Amino acid sequence: MKDKKTELFAGFKYYVPADFEKFMEKNAAEGWNVDKIHQWSSTSMTFQKTEPKKYRYVVDLNAFPTKEYKETYRQFGWEYMGRMASMYVWRKEYTDERPEAFTDCQSVRKRSMNVFWVLTALNIILIASMIALTILYFGNYYSEVSEDIAGYSIAMILLIAMTAITLYASNGVYKNRQR
C-alpha cells in the first residue's frame, strides 16, 4: 500500500475556499494528511498516509495580516499549516462537533468576495496584456521586426486560456460567496 499520494492542482480544482476546506477534511478522514502547506501546494500537494483524523480546515485570504493574526488562531487551538500566496491554511482536530472558525456569514461572504476581487484584478491584467500584445504586434506588423505570427499566436492562446480559467473561477467563487 502506498504511504504517499500527490494531488496536482488542488488549489485550482477547489478554488472556492469552502470546497478546498472540504477537500482537505475528506482526505484527513480517509487518513491522508499534509505536514505543511507551501507556496506551491496549489500546484502539487503531497499527502502522507496516517490514521484517519477529523480535522476542521480553514482557508483564510489575508493579504495584510496584523501582528496578532497568527497568535489569535493559535490561542484558540488552531494549527498553522502554511500559506499559498495570501491564503492562510489552518486546521484543528476535533472529535464531536465540527469547530467554528472565526467566521460568521458576513465573514464568509467577505472572504469569498476578497477571492473574487483578486481573480477579477488578475482578469483585468490578463485582458490588458492581450490588448498591449496586440497593439505591439500589429503596430510593428509592417516592419521587419514583427514576422513571428506563431509567437504572437501562442502568447495570445495562453493569455486567452488563462483568462478563461480565471473568469470561470471568479464566477464560481461569486456564485458560492455565501459558503
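The values are calculated or read from the model by the stated rules, or taken from the named source; none is laboratory data. Since we're looking at a predicted model, the values are computed, not measured. Ideal geometry is used to build each Cβ from the backbone, glycine not excepted, and the neighbour counts take in all protein chains shown.
Kindly indicate the residue of segment 20-74 that is hydroxyl-bearing (Ser, Thr, Tyr) and more than 15 Å from the chain's Cα centre (by Cα) and also farthest from MET84 (Cα to Cα) among those meeting that condition. Among those that are hydroxyl-bearing (Ser, Thr, Tyr) and more than 15 Å from the chain's Cα centre (by Cα), it is THR50.
Residue-wise test of (1) closer than 23 Å to LEU167 by Cα; (2) surrounded by 11 or more Cβ atoms within 10 Å (Cβ to Cβ).
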{"position": "ASP3", "(1), (2)": "no, no"}
{"position": "PHE9", "(1), (2)": "yes, yes"}
{"position": "LYS49", "(1), (2)": "no, yes"}
{"position": "ARG56", "(1), (2)": "no, yes"}
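For segment 33-47, give me each residue that is under 16 Å from TRP90 (Cβ atoms) and loosely packed, with under 14 Cβ neighbours inside 10 Å. Of everything in segment 33-47, those that are under 16 Å from TRP90 (Cβ atoms) and loosely packed, with under 14 Cβ neighbours inside 10 Å turn out to be ASP35, LYS36. Restricted to segment 1-110, the set of helices (runs of 4 or more DSSP H) holding at least 3 residues that are of a type in the set (D, E, K, R) comprises 17-29, 69-75.
Just one of the listed residues (ASN140, ASN171, ASN114) is modelled with pLDDT under 85, within 19 Å of the chain's Cα centre (by Cα), exposed (fewer than 14 other Cβ atoms within 10 Å of the Cβ) and outside the structural domain of LEU61 (by TED's automatic domain parsing), and it is ASN171. For segment 40-65, taking the residues that are at pLDDT 85 or above and of a type in the set (Ser, Thr, Tyr), the one that is farthest from PRO17 (Cα to Cα) is identified as THR50.
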